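The values are calculated or read from the model by the stated rules, or taken from the named source; none is laboratory data. Since we're looking at a predicted model, the values are computed, not measured. Here Cβ is always computed from backbone atoms with ideal geometry, including for glycine, and neighbour counts include all displayed protein chains. SASA here: full protein model, heavy atoms, side chains in, ligands and nucleic acids out. Shrake-Rupley method; radii C 1.70, N 1.55, O 1.52, S 1.80 Å.
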Amino acid sequence: MNIELIPAIDIINGQCVRLTKGDYNQKIIYDDDPVHVACNIEKLGFKRLHIVDLDGAAAGHIINEKVLKAITSTTDLKVDFGGGIKTGEDIEAAFAAGAHMVTVGSVSVTDPELFLSWLSRYHADRLILGADVKDGDVYVNGWKKNSGKKILPFLKQYVDEGIKNVLCTEINKDGTLSGPEVTLYQQIMKIYPDLHLIASGGVSSNEDIVHLEQAGIPAVVFGKAFYEGRINIKQLEL
């Protein structure tokens with residue numbers, strides 16, 4: 001397939017979990033050992049892994065860098081890591097623990113100068129702009145607060161500054177297995193055709209991934225569908 005396939009590991013209390021629409025009260029635990037999960041992902045032929053530190057997202061600072069380090073030390077997966085990256089110390093800790101790329105969401109809204117300083121320091125190939133969207137609005141602080149910013153003009157300010165990688169999660173879709181918000185991603189790609197846009201939220205099957213590929217979306221993250229066996233890896237032509 002041409003679309004980049006990125007399994008996700010979400011971590012709470014050192015366990016591999018998935019939430020529904022970011023609700024910590026709707027948590028399913030899939031495995032007690034994220035390192036074991038990562039090793040299995042690598043054995044299946046995947047090259048990249050998306051890790052979300054849900055403890056960090058809730059706390060407002062990185063929590064699970066030890067889990068990140070264990071995964072990057074044990075596998076050759078290229079890991080992008082997000083959740084709780086709020087300060088220079090947080091982003092340094094993530095890179096020191098072996099993250100290949102870091103996903104930053106809330107800071108890009110609340111402190112654009114800090115985000116741009118990271119973009120300048122670490123460059124566009126190591127930084128992912130995390131854009132979490134509900135009904136066209138960008139949300140921050142673990143999807144709890146509406147920033148009041150609309151997604152398309154929000155992206156423009158950073159595309160103009162050289163951002164290349166964007167992880168866009170449709171909150172209403174995340175963890176629901178109801179299909180991705182393809183129309184939103186097509187709108188983004190039409191305006192910003194050079195973005196490496198990573199679609200996130202709602203993927204339920206191989207058909208959803210094919211639909212995204214046919215729509216010209218460069219990459220997709222998936223979690224629950226993968227863990228529940230709804231995705232046939234052999235058919236994806238890794």
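Some notes on this structure:
- Label zone at GLU207 (point 7 Å along Cα-to-Cβ), backbone N below 14 Å, the range 217-238: 230-232
- Here each label is just a point 7 Å from Cα along the line to Cβ, and for LEU152 and ASP137 those points are 1.9 nm apart.
- Rounded to 0.05, the FRET efficiency of the THR74 and MET1 pair, given R0 = 25 Å and the Cβ-Cβ distance, is 0.45.
- In plain terms, the chain from ALA215 to SER117 could stretch by 32.0 nm, reckoned as 0.36 nm per residue minus the Cα-Cα distance.
- The charge dipole of the chain, taken about its Cα centre with unit charges on the Cβ atoms of Lys, Arg (+1), Asp and Glu (-1) only, comes to about 180 debye.
- Projected label points at ASP32 and LYS190, each 7 Å from Cα along the beta carbon direction, are separated by 5.0 nanometres.
- Nitroxide proxy distance, nm - points 7 Å out along Cα→Cβ at ARG230 and LYS21: 1.6
- Legend: residue pairs LYS134/LYS224; LYS43/LYS66; LYS149/LYS224; LYS134/LYS234; LYS47/LYS149, Cα-Cα distance threshold 24 Å; pairs beyond threshold, LYS149/LYS224; LYS134/LYS234; LYS47/LYS149.
- Matching label, percent of Cα pairs over 26 Å apart computed from the structure shown, candidates (i) 55; (ii) 38; (iii) 30: (iii)
- Taking all protein chains into account, the per residue accessible area for the range 32-158 stands at 43 Å² (1.4 Å probe).
- Estimated [θ] at 222 nm from DSSP helical runs (n ≥ 4, -39500 (n - 2.57)) normalised by residues in the chain, nearest 500: -9500 deg cm²/dmol
- Amide H to amide H, with H built 1.01 Å from N, VAL79 comes under 5 Å of LEU49, HIS100, MET101, counting only residues 5 or more places away or on other chains.
- For LEU238 and LEU177, a Förster radius of 25 Å and the Cβ-Cβ distance give a FRET efficiency of 0.70, rounded to the nearest 0.05.
- Net charge dipole size for the range 158-232 [Lys, Arg +1 and Asp, Glu -1 on Cβ; Debye, nearest 20]: 120
- Accessible carbon and sulfur surface of the chain relative to its total accessible area, %, 1.4 Å: 47
- For TYR139, the residues 5 or more places off, or on other chains, whose built amide H falls under 5 Å of its own are ASP132, VAL133, LYS134, SER147.
- Residue-normalised accessible area of the range 168-209, expressed per residue, 1.4 Å probe, Å²: 37
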